[in-house]
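Participant: What follows is a single structure, and I will ask about it in a moment.
The values are calculated or read from the model by the stated rules, or taken from the named source; none is laboratory data. This structure is a prediction, so every number in the text was calculated from the model and none was measured. Don't worry about glycine lacking a Cβ; one is built from the backbone with ideal geometry, like all the others, and counts go over all protein chains shown. SASA here: full protein model, heavy atoms, side chains in, ligands and nucleic acids out. Shrake-Rupley method; radii C 1.70, N 1.55, O 1.52, S 1.80 Å.
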Amino acid sequence: MKHGGRPPQNYLKPWRKRQRREVLDASLHFIKRKNPFHQHPSTYYFDHMRAKAIRSRVGADIFSSYLKIAIVRDPFDYALSRYRFTLKQNKIDPLSMTFGRFLTDMPERLVENRRITEIDGVSVIDHMIRFEDFENGIRQLSEKLCLGGELLNTFRKVNAKKSGRNPKEDLNLYKITPEAILLIEILCKKDIEDFGYTAPTWTP
């Protein structure tokens, strides 16, 4: 919105289609929450929504006509990011939840993106952008949409996903948890094969 974009719109269930209880619940929900996109029974569309759910809302014909864009990320980097985020979000001491325990207790966290972008195990994405090569992905998208450099210039003004992580600390987590690499290779086999990701390495 700071750069002239529109706020979320047309994502709520029409009021005329809601029951009286739904109206009350929805009003209380959006008063209490800062994020209007958070999923609610009266919310038709929300962040991180699965492609299958979107298709069911808009219909197969409209869904097929959309240009569907998503971002893929190195699963070895994503696993560390998700681990750090989980610790911070839930105020968990790393000693009580190690990286290895996180992966074995919550392996579903590593395949969340695939569940969003696939329908019945098949990707429905028309343009996939690699997180690690974001600028080039946006440049290619601009060319596909005949936008010149406009889209890239817009995204250059936006900063996101600044983790502040220490690469040496991240690599050390893999050194002391070598089984994590095998688990990620199994769970994220598709992303690794499709996009050529490789496991972290270090000199003994």
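Participant: If we sort 48-56, 89-97 on the protection proxy, mean other Cβ atoms within 10 Å, highest first, what's the order?
Facilitator: 48-56, 89-97
Participant: Convert each backbone phi in region 59-71 into a coupling constant with the Karplus relation 6.51 cos²θ - 1.76 cosθ + 1.60 (shift: θ = phi - 60°), then list the ³J(HN,Hα) values in order as whole Hz, x for Gly and Pro.
Facilitator: x, 4, 5, 5, 4, 5, 7, 6, 8, 9, 10, 8, 10
Participant: When the accessible area of region 82-204 is computed with all protein chains present and a 1.4 Å probe, what percentage of it is carbon and sulfur?
Facilitator: Ligands and nucleic acids excluded, carbon and sulfur give 54 percent.
Participant: Within a Cβ distance under 12 Å of Ala51, other residues only, what is the Lys/Arg minus Asp/Glu net charge?
Facilitator: +4
Participant: Output ³J(HN,Hα) for region 80-97: one whole-Hz value per residue in order, computed from phi by the Karplus curve 6.51 cos²θ - 1.76 cosθ + 1.60 with θ = phi - 60°, and x for Gly and Pro.
Facilitator: Working through the residues one at a time gives 5, 4, 5, 5, 4, 5, 4, 4, 5, 5, 9, 6, 9, 6, x, 6, 8, 9 Hz.
Participant: Can you list the HN-Hα couplings for region 115-131, worked out from phi with the Karplus curve (6.51, -1.76, 1.60; θ = phi - 60°), rounded to whole Hz and with x for Gly and Pro?
Facilitator: 5, 7, 8, 10, 10, 6, x, 10, 5, 10, 7, 8, 9, 9, 10, 7, 4
Participant: If amide H atoms are built 1.01 Å from N in the plane of the peptide, which residues on other chains or at least 5 residues away come under 5 Å of the amide H of Ile119?
Facilitator: The answer is Val124.
Participant: Rounded, prolate or oblate for region 79-204? Axes are the square roots of the Cα gyration tensor eigenvalues, ordered a ≥ b ≥ c, and the cut-off for rounded is a/c under 1.5.
Facilitator: prolate
Participant: State in Å² the accessible area per residue of region 70-130; use a 1.4 Å probe, count heavy atoms of protein chains only, and round to the nearest integer. Please report the intermediate quantities before stating the final value.
Facilitator: Values: 3170 Å² over 61 residues.
In whole numbers, region 70-130 has 52 Å² accessible per residue.
Participant: Going by amide H atoms built from the backbone, whose H comes under 5 Å of the H on Val72, apart from near neighbours?
Facilitator: Those qualifying (amide H under 5 Å, at least 5 residues apart or on another chain) are Ile129, Arg130, Phe131.
Participant: Skipping prolines and chain starts, which residues have an amide H placed within reach, meaning under 5 Å, of the one on Tyr44, given they are 5 or more residues away or on another chain?
Facilitator: HN-HN under 5 Å from Tyr44: Leu12, Lys13.
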